[in-house]
Amino acid sequence: MCVFPIWLKFHGGKGVATYVGILFVIDIYLGLLFTFVWFFIFIISKFSSLSSLIGSISIPIYFLFLSQFNDVLFFSIMFVLIFFTHRENIKRLKNKEETKTKIY
């Protein structure tokens, strides 16, 4: 995943977008599930980072309900990576300092 690209001086990038692309390639329904969850949480909270975190945890939970444990492990690792890269966003969310995203 292109999480820390050179052109952004290794300060983060489009990891979640890459993850969503991977989901759509693996199975269009996984991509749609993530997208639906992301939009639902975003409409409620207006926080893109929170939407990304909850959307990414929804995929291993989905596989857990399907009892596909190999997939649960893989997508849980992907969630941990996304969680790790969003540490600063999580701190700002906890401190109520995260800025809301506006979509016109």
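Quick notes on this structure:
- In degrees, nearest ten, helix 69-85 long axis to first principal axis of the chain (Cα): 10 degrees
- Förster radius 22 Å - calculated FRET efficiency between I28 and L66 (Cβ-Cβ, nearest 0.05): 0.85
- Look at the alpha carbon pairs under 8 Å that are at least 6 residues apart: their mean separation over the length of the chain gives a relative contact order of 21 percent.
- Counting neighbouring beta carbons within 10 Å and listing from fewest to most, the residues R87, R92 come out as R87, R92.
- Sorted by Cβ density within 10 Å, fewest first, the residues S67, S56, S51, S45: S67, S45, S51, S56
- FRET efficiency, 1/(1 + (r/R0)^6) with R0 25 Å, evaluated for F83 and T18 via beta carbons: 0.95
- Placing a label point 7 Å from the Cα of L73 along the Cα-to-Cβ direction, the residues of the range 32-57 whose backbone N falls under 20 Å from that point are 57.
- Normalised by residue count, the chain yields a Cα convex hull volume of 117 Å³ per residue.
- Residue order for I82, I44, I90, I59, fewest other beta carbons within 10 angstrom first, comes to I44, I90, I82, I59.
Values quoted throughout were computed directly from the atomic coordinates according to the rules given, and no laboratory measurement underlies them. As the structure is a computational prediction, the values presented were derived from the model and not from experiment. Neighbour counts run over all protein chains shown; Cβ positions are idealised from the backbone, glycine included.
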